[in-house]
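Accompanying notes for the structure given below.
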Amino acid sequence: MRLRFWGTRGSIATPGPCTTRYGGNTSCIELTEASGEKIVLDCGTGARLLGNQLLAASDGSVSATILLTHTHWDHIQGFPFFAPLFAQGNHFRVYGPEGAHLSLRDVLAGQMEHHYFPVELDQLAARITYQDLGEGTHDIAGLKITAQQMNHPSPTLGYRIAGDGCTICYLSDHEPFYEAIWRDGAEPGRLESILEPGDRRHAEFMQGADLVIHEAQYTPDEYPAKEHWGHSTYSYVVKLAAAAGVRRLVLTHHDPSHDDVFMDAVEQLARGLAQRLDSRLEVTCAYEGLEISVQPLVRRGATPVEKCSSGSASPGSGSACSSTGNPW
């Protein structure tokens with residue numbers, strides 16, 4: 001499976017000279033199966049650029065599955081600007097969490113009412129189907145996709161996606177269930193040492209995944225003032241991923257106040273924490289244009305072969321922007 005990040009920001013799009021390397025568009029990831037089947041993970045503002053690329057690369061109709069974690073603005077605002085939805089002959093299957101007062105279709109239609117947008121949902125020319133999902137394993141687009149509720153103020157699903165011999169978890173948005181992670185007297189870094197059952201269940205959901213993409217909007221210092229907003233810190237995510245035996249972790253959903261310099265520091269702190277935990281975990285902060293190829297096991301007992309290449313400038317290069325605070 002191959003992935004490309006089209007939007008890595010949380011809450012609100014943040015364009016400007018100080019976010020050019022990590023990007024300012026909100027959540028959107030393109031997943032391509034070995035068969036060529038496309039899965040769009042969330043439709044934040046990054047979906048506009050993805051839609052344009054899909055049209056440019058197509059010599060016929062465009063078909064894809066859209067998998068929404070939830071319907072907060074930063075995960076759906078690109079939907080009305082996703083150009084392939086406006087063309088006859090295209091086909092899209094849209095999935096998202098059940099449990100809201102409105103159906104998934106009605107929520108998406110709401111943001112396209114004429115008070116807010118010139119084209120209403122029913123005017124879109126593509127053939128579009130909508131399905132509300134609950135927890136459990138679903139057969140979608142030739143993949144086994146397991147959905148699990150996240151700890152977030154609105155109904156939100158995380159997804160464990162299995163196919164092509166690989167397992168990828170996409171977990172956005174999610175907040176720790178409890179401030180302390182480890183039980184008193186227990187050995188840190190082990191699944192059975194996690195104190196809160198909800199946090200343990202969350203870690204078990206990503207256990208053994210080849211790649212975990214997890215939101216990490218806040219630093220530990222920022223979190224107390226933003227408790228119950230539904231987001232994680234990088235330290236919480238790294239600790240749980242290490243305990244779950246994850247091979248590679250990509251942090252995303254960056255806070256709009258975190259510029260490129262700040263994100264460079266977050267990445268280094270997260271990598272340092274993984275090293276101190278004595279784990280094999282590789283940590284990267286997502287940036288627009290990041291491409292990751294996750295390959296199946298090459299032999300029995302071998303670890304997955306992964307290749308990472310960038311479709312844009314490396315985020316590790318210098319920046320003239322100053323940091324908006326300290327990530328520690």
Condition met for Gly316 (within 22 Å of the chain's Cα centre (by Cα), at pLDDT below 95 and over 16 Å from Ala241 (Cα atoms)): yes
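Within the range 151-167, take every residue that is part of a strand (DSSP E or B) and in contact (Cβ under 8 Å) with a residue 40 or more places away in the chain and give me the one that is surrounded by the most Cβ atoms within 10 Å (Cβ to Cβ).
Quick first cut of the range 151-167, residues part of a strand (DSSP E or B) only: 157-163, 166-167.
Right, trim to in contact (Cβ under 8 Å) with a residue 40 or more places away in the chain and you get 157-161, 163, 166-167.
Values: Leu157: 26, Gly158: 28, Tyr159: 26, Arg160: 20, Ile161: 24, Gly163: 21, Cys166: 20, Thr167: 23.
Result: Gly158.
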Among the residues of the range 211-224, are any loosely packed, with under 14 Cβ neighbours inside 10 Å, free of Cβ contacts under 8 Å to residues at least 40 places away in the same chain and assigned to a helix (DSSP H, G or I)? yes
Would you mention how many residues in the range 92-109 are exposed (fewer than 14 other Cβ atoms within 10 Å of the Cβ) and modelled with pLDDT of 95 or more? 1
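Counting only residues that are charged (D, E, K, R) and over 22 Å from Gln217 (Cβ atoms), which one in the range 174-190 is modelled with the lowest pLDDT? Step through it out loud before you land on a result.
Here is the first cut: in the range 174-190, the residues charged (D, E, K, R) are 175, 179, 183-184, 187, 190.
Filter once more, so that each one left must be over 22 Å from Gln217 (Cβ atoms): 183-184, 187, 190.
Details: Arg183: 89, Asp184: 88, Glu187: 83, Arg190: 88.
Taking the candidates together, the pick is Glu187.
Going by the conditions given, is Asp259 crowded, with 21+ Cβ neighbours inside 10 Å and among the acidic types (Asp, Glu)? Don't jump to the end; show me each part of the working.
On the way: crowded, with 21+ Cβ neighbours inside 10 Å: yes; among the acidic types (Asp, Glu): yes.
Judged against the criteria, Asp259 is a match.
Can you pull out the residues in the range 126-150 that are assigned to a loop (DSSP other than H, G, I, E, B) and surrounded by 17 or more Cβ atoms within 10 Å (Cβ to Cβ)?
Keep residues of the range 126-150 that are assigned to a loop (DSSP other than H, G, I, E, B), which gives 126, 134-135, 141-142, 150.
Answer for the range 126-150, where residues must be assigned to a loop (DSSP other than H, G, I, E, B) and surrounded by 17 or more Cβ atoms within 10 Å (Cβ to Cβ): Ala126, Ala141, Met150.
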I want to confirm something. Restricting to the range 235-256 and keeping residues that are in a helix (DSSP H, G or I) and without any contact (Cβ under 8 Å) to a residue 60 or more places away in the chain, which single residue is surrounded by the fewest Cβ atoms within 10 Å (Cβ to Cβ)? Ser235
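Take the range 171-211 and flag every residue that is among the aromatic types (Phe, Trp, Tyr) and either over 23 Å from Ser154 (Cα atoms) or touching a strand residue (DSSP E or B) at 6+ places or on another chain (Cβ under 8 Å) (or both).
Here is the first cut: in the range 171-211, the residues among the aromatic types (Phe, Trp, Tyr) are 177-178, 182, 205.
The answer is Trp182, Phe205.
Name the residues in the range 168-179 that are in a strand (DSSP E or B) and touching a Leu at 6+ places or on another chain (Cβ under 9 Å), would you?
Ile168, Cys169, Tyr170
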Looking only at the range 262-287, filter to residues that are surrounded by 20 or more Cβ atoms within 10 Å (Cβ to Cβ) and β-branched (Val, Ile, Thr); which one of those is farthest from Thr20 (Cα to Cα)? Val283
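The values are calculated or read from the model by the stated rules, or taken from the named source; none is laboratory data. From a predicted model like this one, the values you see are computed outputs, not experimental measurements. When we count neighbours, we look across all protein chains shown, and the Cβ atoms used for this are built from the backbone with ideal geometry, even at glycine.
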